[in-house]
Amino acid sequence: MPMKRSRALRPKPADALVVLAVVLAAAALGVYFWGGSSSGSLQAVISQNGQVTETVNLSRLTEKEERVITSNGYTLHLVLTSTEVWMESSTCPNQDCVHTGKISRPGQSIVCLPARVSVMLTDGNASGVDAVLG
Amino acid sequence: MKLTTKQLTLCAVLTALALALSYLENFFPLALLIPLPGVKLGLANIVTVFALYTLGTGQALLILLARCCLGAVFAGNVSALLFSLMGGLAAMAAMSLLSRSRHLSVYGVSVGGAAAHNCGQVAAAIVTLGNTAPVYYLPILLGVSLFTGALTGLVAGLLFRGLEHTTLLKA
């Protein structure tokens, strides 16, 4: 015997609570990803198949750098500058990684699911060395 | 679980319907408007909502599992199975709980289900990639789920109204 379910077909006031919960969750994540300051040193962590393949300290880049990543049968073209990272092109079918656009703050990522590639920006200062002296 | 012939038939028809809706969805490329992984209408969720309300959690779960497995076989894509299963099961769990509240309508239930579906898919992406990078896409996916959830709620509501005077909804 299935549980008795209310079969209310018109929106009820309490529905707003569900909507509010979703909006709050989205807003909290949004503040986390876009609200923080973009100053400080950034590093880009490039992973393939769950393994970190390269960590690039962006603040040390003096000019635009490019990486050609071959993974899972696809070829991705990643561009890194001292402040931004973006996927210039990809041979993957859905192009989600290219459409993600430029990322520039700690916590932000570019994901290419078909190629199993992710590029995640982290706060370079938080992970150890601030500066190397002498 | 013991199924009557009528229930079994209804489950089979709904599974076929869910598969057809998943296929139909490819012709409404919402991803062209919002080009992010996992953005889609979630039309097959209409079937889950309908099955949950009329047949209960057990049979709705059977339909979901059959739809995910057959969908992966037809698409010839086993890695997609993880995504559809984790999304579908999360949506099912959320809607099964929310539909027990007398204060929520089918809209609230299906918005909650759509949001949970996206959370499940992001979790599948985390499992696939081995890091938390996919969470970056979650705020936008949650925002989109408000609209897709309301849409599936609307369609499920129309469906219930249309079937009110038939014997289909009587146990």
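Read-outs: derived from the displayed coordinates by stated rules, not from any lab. No experiment lies behind these values; they were computed from the predicted model shown. Glycine also receives a Cβ, built like all others from the backbone with ideal geometry; neighbour counts cover every protein chain displayed.
Along the charge dipole of the protein assembly as shown, which of B:THR166, B:VAL109, B:LEU146 sits closest to the positive end, that is, farthest toward it, with unit charges on the beta carbon of Lys, Arg, Asp and Glu (+1, +1, -1, -1)? Farthest towards the positive end: B:THR166. Positive contributions from Lys and Arg (+1) and negative ones from Asp and Glu (-1), summed over other residues with Cβ under 12 Å from the Cβ of A:GLY101, come out at -2. For the stretch A:92-108 versus the stretch B:125-145, the spacing of their alpha-carbon centroids is 12 Å. The sum of -39500 (n - 2.57) across all DSSP H runs of n ≥ 4, divided by the residue count of chain A, sets its helix-only mean residue ellipticity at 222 nm to -4500 deg cm²/dmol.
At a threshold of 8 angstrom on Cα-Cα distance, excluding pairs fewer than six apart, so keeping six or more, what relative contact order does chain A reach in percent?
23 percent
Contact order for chain B, expressed relative to its length and based on alpha carbon pairs under 8 Å spaced 6+ residues apart, stands at 22 percent. Of the trypsin sites (Lys or Arg not before Pro) in the stretch B:1-101, the ones in a loop by DSSP (not H, G, I, E or B) with at most 14 other beta carbons within 10 Å are B:LYS2, B:ARG100. Using a cut-off of 12 Å between beta-carbons, work out the net charge of the residues near A:GLN48 (Lys and Arg +1, Asp and Glu -1, A:GLN48 not included). Result for the neighbourhood of A:GLN48: +1.
In debye, nearest 20, what is the charge dipole magnitude of the protein assembly as shown about its Cα centre with +1 on Lys and Arg Cβ and -1 on Asp and Glu Cβ, if you could check? Don't skip to the answer; put the middle values down first.
Numbers: 19 positive and 12 negative charges, 345 e Å.
Dipole size: approximately 1660 debye.
When Rg and the Kirkwood radius Rh are both evaluated on Cα atoms of chain B, their ratio Rg/Rh stands at 0.96. Remark: C-alpha extents of the stretch A:42-123 on the principal axes read 32, 22, 20 Å, sorted largest to smallest. Restricting the calculation to Cα atoms, every distinct pair contributes to the Kirkwood radius of the protein assembly as shown, found to be 20.9 Å. The Cys residues in the protein assembly as shown with no partner Cys Cβ within less than 4.7 Å of their Cβ are A:CYS92, B:CYS11, B:CYS68, B:CYS69, B:CYS119. For chain B, the 222 nm mean residue ellipticity estimated from helices alone, with every DSSP H stretch of n ≥ 4 adding -39500 (n - 2.57) and the total spread over all residues, rounds to -24500 deg cm²/dmol.
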